[in-house]
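Peer 1: The structure's right below; bear with me while I get my questions together.
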Amino acid sequence: MLPPVELEVRHLRALCAIADAGSVRKAALLLGMTQPSLTTQLRRIEGAIGGLLFTRGQTGSRPTPLGHSVLSRARPIVAEMTALVTAARDAAVGAGGARLRVGSVGSRVVTGWLRRIHDRLPDTDITIHIEVSANTLLQLLATNQLDVAFVHETAGFPLHLPAEVQRRVLVEREPRFVTLSAGHPAAASPAVTLAELADDSWIVDPTADHEWAALRRVFTAAGLDPRLLHVRDNTTAADLVASGEAVRPCQPTAEATPGTVIRPLAGDPLTAELSLATRPCALPLPELDALYGDLADAYAEATSRSAAYRAWLAASDPSGGRVSGPGP
């Protein structure tokens, strides 16, 4: 028997998310939580209220009569809290000067992007929020906790785009490369096939959007079944790769750590779309265009530092035109 909780606004927000998404699994994704964590939280909320709030079935989760009653009271509270936070933040901006809240997935592009923004907006208070999950960043945008975010969408696994958020594509198809030990037999190849890495363990971050599912899909299509290692710490992951214990997918702009090399995967089985996300009217269009231009320039700078990526670009697109234009 799980102990009940004292209800807070975050619990009410979780109930609204489950009702809106139609399932605990989808709601957990939108909230940036794991499904077991949200299921446990729901059980404790139901314990505090004293009754079932949702029925669970093959078609998802639907509010019970009690659930409808609770939701009818929870939604105004959640909306009022959101409005309160928004008004307070707007007041803080008015009192403290211009502010820009930037979000991004982990990328070598981030530092160059921030440097350009600082140079262009020296009097603006700029904050950066880094997340492994692009879906979490989109939710932060939708709830007015960020102004813009640089996000990646794994091919075949669309992001859950809130109605309040729009995206502007930066790179339509960026390949995923692989990091392996410098002593690996495949390290001498200009491009590595999946078959050459079939006996290796592959490191994945369980918190990254669809990374595990995308790898599984690629391996299944190739008739392979390699071992997967769930590692969240980048330092440990880098050490495991350098020692030859595992290999790891990576962005093509990544820099090799000591004892490792980065190689393209033959046939580009793993790709992603890169984009800049924001809320409509969150920023004036000229400022959004400028931020997009800053990001495009930072991406080009990161690309220029990667010999493997430059070679891939030259082979796949001799014009080098991988970055989309600044149109809406």
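Please treat every number below as a calculation from the coordinates, not as lab data. Predicted model, so just to flag it, every value in this text is computed and none were measured. Methodologically, a virtual Cβ is constructed for each residue, glycine included, from the backbone with ideal geometry; neighbour enumeration extends over all protein chains shown.
Peer 1: Between 0 and 90 degrees, rounded to the nearest ten: what's the tilt of helix 35-49 against the longest Cα principal axis of the chain?
Peer 2: The answer is roughly 10 degrees.
Peer 1: For the pair residue 69 and residue 126, how long in nm is the line joining their label points, each one 7 Å along Cα→Cβ?
Peer 2: Label-label distance for residue 69 and residue 126, simple model: 5.3 nm.
Peer 1: Moving on. About the Cα centre, and with charges only on the beta carbon of Lys, Arg (+1) and Asp, Glu (-1), how big is the dipole of the chain? Nearest 20 debye, please. Mind showing how you got there, number by number?
Peer 2: Values: 31 positive and 34 negative charges, 166 e Å.
Using only the charged Cβ atoms, the result is roughly 800 debye.
Peer 1: What is the chain's relative contact order, in percent, from Cα pairs under 8 angstrom and six or more apart in sequence? Walk me through the numbers on the way to the answer.
Peer 2: On the way: 527 pairs, mean separation 63.1, N = 328.
Across the chain, relative contact order equals 19 percent.
Peer 1: Hey, another quick one. Rank by packing, highest mean first: peptides 268-278, 237-247, 298-308, with packing defined as the count of other Cβ atoms within 10 Å averaged across residues. Please list the in-between numbers first.
Peer 2: Numbers: 268-278: 20.7, 237-247: 19.2, 298-308: 17.3.
Per-residue Cβ counts within 10 Å, averaged per peptide and sorted highest first, yield 268-278, 237-247, 298-308.
Peer 1: What's the magnitude of the charge dipole for segment 159-252 around its Cα centre, counting Lys and Arg as +1 and Asp and Glu as -1 at the beta-carbon? Answer in Debye, nearest 20. Numbers along the way, then the final one.
Peer 2: Values: 9 positive and 13 negative charges, 58 e Å.
Once rounded to the nearest 20, the dipole reads 280 debye.
Peer 1: May I pose another question? Taking only C-alpha pairs under 8 Å that are 6+ residues apart, what is the relative contact order of segment 177-269 in percent? Spell out each step's value before the answer.
Peer 2: Details: 151 pairs, mean separation 47.6, N = 93.
Relative contact order, segment 177-269: 51 percent.
Peer 1: Which order do peptides 11-21, 248-258 fall in by mean Cβ count within 10 Å, highest first? List each step's numbers first, then the result.
Peer 2: Working: 11-21: 20.4, 248-258: 18.6.
Ranked by mean Cβ neighbours within 10 Å, highest first: 11-21, 248-258.
Peer 1: How far is helix 307-316 tilted, in degrees, relative to the longest principal axis of the Cα atoms in the chain, given as a value from 0 to 90 rounded to the nearest 10?
Peer 2: Once rounded, one gets 90 degrees.
Peer 1: Counting alpha carbon pairs within less than 8 Å and at least 6 residues apart, what relative contact order, in whole percent, applies to segment 9-81? Could the numbers behind the result be given before it?
Peer 2: Values: 72 pairs, mean separation 26.4, N = 73.
About 36 percent, as a whole number.
Peer 1: For the chain, find the longest principal axis of its Cα atoms and tell me its angle to the long axis of helix 211-221, 0 to 90°, nearest 10.
Peer 2: 60 degrees
Peer 1: May I ask which residue of 246, 70, 293 lies farthest towards the positive end of the charge dipole of the chain, with charges of +1 (Lys, Arg) and -1 (Asp, Glu) on Cβ and the Cα centre as origin?
Peer 2: Ranked along the dipole, the leading option is 70.
Peer 1: Taking the chain as a Gaussian network, Cα atoms linked when under 10 Å apart, which of 293, 223, 112 shows the biggest mean-square fluctuation?
Peer 2: 223
Peer 1: Compute the FRET efficiency between residue 5 and residue 83 as 1/(1 + (r/R0)^6), taking r as their Cβ-Cβ distance and R0 = 30 Å, and round to the nearest 0.05.
Peer 2: 0.75
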